[in-house]
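Peer 1: This is the structure I have questions about; it appears just below.
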Amino acid sequence: MYIVMIASECAPVAKVGGLGDVVFGLSRELEIRGNTVEIILPKYDCMRYDHIWGLQVSYENLWVPWFNYHIRCTVWFGFVHGRKCFFIEPHSDDHFFERGSYYGFPDEHMRFAFFSKAALEFLLKTGKRPDILHTHDWQTALVPVMLYEIYRFGGMENIRCCHTLHNLKHQGIAGENVLWFTGLGRPPYYYDKQRMGDDFNPSAINFTKGALLYSSFITTVSPRHAWEARHTEWGYGLGHTLYLHQGKFGGVLNGLDYEMWNPETDPYVPHHYGADTFEEKAKNKQELRSRLWLRDEAKPLVAYVGRLDMQKGVGLIRHALFHALRKGAQFVLLGSSPELGINSEFWQLKHHLNDNPDCHLEIGYDEELARLIYAGADLLVVPSLFEPCGLTQMIALRYGTVPIVRWVGGLADTVFDRDFSERPEEARNGYVFHQTDHLAIESAMDRAIGLWFDYREAFTALAVRGMRYDYSWNRPGADYLNIYEFIRHK
Ligand code: ADP
C-alpha cells in the first residue's frame with residue numbers, strides 16, 4: 001500500500017510531543033511491513049536539521065492557490081532516520097514557518113490551513129496518488145475536507161483518509177476567512193452543524209469536526225480514550241459528533257518505536273543496559289545525579305518528564321515533588337509550558353529549591369536529558385487529568401523505570417497496579433491511582449517508595465517485568481493496516 005502522512009510534527013526533526021513520536025514510529029512500522037510511506041511536513045526554520053540526511057529541492061515552483069492569489073512554495077526532500085520526508089517551504093510575507101518555534105501564533109489556523117492546502121496541491125501536481133492519506137490532529141484536519149470538496153475532482157477520487165485524534169483539547173476553531181483563503185468558500189454550507197459548524201460558537205467553523213465528517217476512518221490513540229471521548233467531558237464538546245460517527249471510530253493504542261527508544265543502544269544513555277543487565281542502570285542514576293548536582297545517597301529517584309500543562313496535572317506534579325522529598329526520595333523534573341503563568345510558577349519553584357541536594361528542576365525542552373532521566377530514574381510520575389495515550393509511561397517501562405500513573409485514557413490501558421490490578425501478577429507493571437486529590441497520589445507514591453526502601457529485590461523484579469513488555473508498534477501497526485485495508489475498498 002502507498003500511504004502519505006500529513007502532519008505538523010515528526011520526531012526527532014520536528015517534535016513538540018507524542019504526536020511527533022507517533023508519526024515517525026508508525027511510518028517506520030508500516031515500511032517494515034512492506035508499504036511505501038511518505039511524510040509531508042512544514043519546513044520550519046527551527047527544525048533539527050542535523051537529523052535530516054540529503055536535504056535537497058524536490059519541487060521548485062509549487063504555486064498554491066490562496067485567497068485570490070498564489071503563494072510560491074519550494075518542496076524539499078530528505079531522509080529522517082530512513083523515513084522519506086517532504087518539507088513545504090512557502091515564500092510569502094506571512095513567513096508561516098519561519099518564526100523560531102512550532103506553535104503559538106495568532107494566525108495559527110491560517111498557517112496550518114495553508115500547509116494542508118499546499119500538501120494536497122503537491123500531491124495533485126506531482127501525480128502522487130496514495131491509497132491512504134493519514135492526517136493528525138486539528139493542524140491537518142482540513143485535508144480530508146479539501147480532498148473531498150476540491151481535490152477529488154482532480155483525479156484524486158480514489159484516495160481515502162484516516163484521521164487520528166491525538167488531543168481533542170485543540171480542535172482548530174476559526175472564522176470564515178479560512179474558508180475564503182483555502183478556496184472552500186460557501187460559508188452557509190460549511191457553517192451547517194452537520195458539517196463544520198462549531199456546536200458552541202455559531203460564528204466559527206471547527207476543523208476537527210470537519211475531519212470527523214469527511215474522513216473514511218477516525219482513530220484516537222487508546223481504546224480507553226475512545227470511550228472517554230464519546231462519553232465524558234474529555235470529548236471537549238465533540239462527544240456527540242463522535243457518537244454519531246462511531247461506526248468509523250476506534251481507539252488504537254499508540255506504540256513506541258523500540259529502535260529509537262532502546263536503553264541498549266540509546267546514544268544519550270552513557271551505560272547501556274537491558275532486562276538481563278539491569279544492574280548497569282544504577283550507573284546511569286549516578287551520571288544523572290552528577291549532571292544535575294544531586295547528592296549520591298541510597299534514595300529512590302522520582303522523575304517527571306513532559307509538558308507542564310493543566311492536562312498533565314500540574315498541581316499533582318508539584319505535590320509529587322514535595323511528597324517525594326518528604327518521603328526521603330529525590331525528584332527530577334524536566335518540562336516546559338507555553339503558558340506564562342505555569343512557566344513562572346515552576347521557575348519560582350526552581351529558585352526556591354535551588355540549594356536542595358535532592359531535587360532538580362529543568363525548565364525547557366531537552367531530548368538528550370530526557371533520555372538520561374528515563375535511564376537514571378527509579379520511578380516516573382504521570383498524574384494527568386486526561387491523557388489520550390501518553391508515551392512517557394511507555395518509555396519509562398522500556399527503560400526499567402517504574403511508572404506511577406493516574407487511571408485515565410491510555411495510562412489506564414498500559415499501566416497495571418502491582419498491588420490492586422485485576423490482571424495476573426506477571427502482567428502488573430507499575431502503580432495506579434484514581435482520584436485527583438493529594439491523598440490518592442500520595443498513597444501510590446508511598447507504596448512505590450516503600451517497596452524501593454524495604455523490598456529492593458521485588459522492586460527490581462517489577463522494573464524488569466516492565467522492560468519485557470511489548471509496547472512496540474508491532475500490534476498497532478497491524479491494526480492500522482487493517483483499518484487502511486478496510487477503507488481502501490469502501
Ligand atoms: P504529549 O504528546 O501530550 O506532550 P506524550 O506523553 O504523548 O505527551 O509524549 C511526550 C513526548 O515528548 C515524549 O517523547 C517525551 O519524552 C517528550 N517530551 C515532553 N516534554 C519534554 C521535554 N521538556 N524535554 C524533552 N522531551 C520532552
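The values are calculated or read from the model by the stated rules, or taken from the named source; none is laboratory data. Not measured: the values here are computed from a predicted model. Every residue, glycine among them, receives a Cβ derived from its backbone with ideal geometry; neighbour counts consider all protein chains shown. Accessible surface is based on the protein model in full, side chains and every heavy atom, while ligands, DNA and RNA are left aside. Shrake-Rupley method; radii C 1.70, N 1.55, O 1.52, S 1.80 Å.
Peer 1: Could you pull out every one of the helices (runs of 4 or more DSSP H) wholly within the range 379-489 that has 2 or more residues that are away from the ligand (no atom under 16 Å from the Cβ) and either in contact with an Asp or Glu (Cβ under 6 Å, 6 or more places away or on another chain) or modelled with pLDDT of 95 or more (or both)?
Peer 2: 438-454, 456-468, 474-488
Peer 1: If I go through the range 399-415 residue by residue, how many of them are touching a strand residue (DSSP E or B) at 6+ places or on another chain (Cβ under 7 Å) and either surrounded by fewer than 22 Cβ atoms within 10 Å (Cβ to Cβ) or among the aliphatic types (A, V, I, L, M) (or both)?
Peer 2: Result for the range 399-415: 6.
Peer 1: Also: Quick one: count up the residues across the range 449-462 that are in contact (Cβ under 8 Å) with a residue 12 or more places away in the chain and either touching a Lys or Arg at 6+ places or on another chain (Cβ under 8 Å) or open to solvent by 20 Å² or more (accessible area, probe 1.4 Å) (or both).
Peer 2: Here the count works out to 5.
Peer 1: Further question: Go through the residues of the range 299-306 one by one and say whether even a single one is under 29 Å from K169 (Cα atoms), more than 15 Å from the ligand (Cβ to nearest atom) and open to solvent by 10 Å² or more (accessible area, probe 1.4 Å).
Peer 2: no
Peer 1: Restrict the check to the range 208-220 and report whether at least one residue is open to solvent by less than 10 Å² (accessible area, probe 1.4 Å), touching a helix residue (DSSP H, G or I) at 6+ places or on another chain (Cβ under 6 Å), over 29 Å from G255 (Cα atoms) and touching a residue at least 24 places away in the same chain (Cβ under 8 Å).
Peer 2: So far as the range 208-220 goes, no, none of its residues is open to solvent by less than 10 Å² (accessible area, probe 1.4 Å), touching a helix residue (DSSP H, G or I) at 6+ places or on another chain (Cβ under 6 Å), over 29 Å from G255 (Cα atoms) and touching a residue at least 24 places away in the same chain (Cβ under 8 Å).
Peer 1: Residues D199, D137: which one is under 24 Å from M394 (Cβ atoms) and either within 16 Å of the ligand (Cβ to nearest atom) or in contact (Cβ under 8 Å) with a residue 40 or more places away in the chain (or both)?
Peer 2: Result: D137 is the single residue among D199, D137 that is under 24 Å from M394 (Cβ atoms) and either within 16 Å of the ligand (Cβ to nearest atom) or in contact (Cβ under 8 Å) with a residue 40 or more places away in the chain (or both).
Peer 1: Restricting to the range 246-289, and then to whatever is outside any loop (DSSP other than H, G, I, E, B) and among the small types (G, A, S), can you tell me which residue is nearest to the ligand (Cβ to nearest atom)?
Peer 2: G251
Peer 1: A further question on this structure: For the range 1-42, which residues satisfy the criterion of being open to solvent by 30 Å² or more (accessible area, probe 1.4 Å), touching a strand residue (DSSP E or B) at 6+ places or on another chain (Cβ under 7 Å) and either within 19 Å of A119 (Cβ to Cβ) or aliphatic (A, V, I, L, M) (or both)?
Peer 2: Result: M1, Y2, T36.
Peer 1: Moving to a separate point now. Of the conditions (1) part of a loop (DSSP other than H, G, I, E, B); (2) within 16 Å of the ligand (Cβ to nearest atom); (3) open to solvent by 20 Å² or more (accessible area, probe 1.4 Å), M47 fails just one. Which one is it?
Peer 2: Going through (1) part of a loop (DSSP other than H, G, I, E, B); (2) within 16 Å of the ligand (Cβ to nearest atom); (3) open to solvent by 20 Å² or more (accessible area, probe 1.4 Å) one by one, M47 breaks only (3).
Peer 1: Moving to a separate point now. Consider only pairs whose beta carbons are under 8 Å apart and that are at least six residues apart or on different chains; among these, list those whose first residue lies in the range 161-176 and is more than 16 Å from G17 (Cβ to Cβ) and whose second residue is in a loop (DSSP other than H, G, I, E, B) and within 16 Å of the ligand (Cβ to nearest atom).
Peer 2: Note: pairs meeting the criteria are Q171/Y236.
Peer 1: Let me ask another. Can you go through V143, V64 and tell me which one is touching a residue at least 24 places away in the same chain (Cβ under 8 Å) and more than 30 Å from S336 (Cβ to Cβ)?
Peer 2: From the options V143, V64, the qualifying one is V64.
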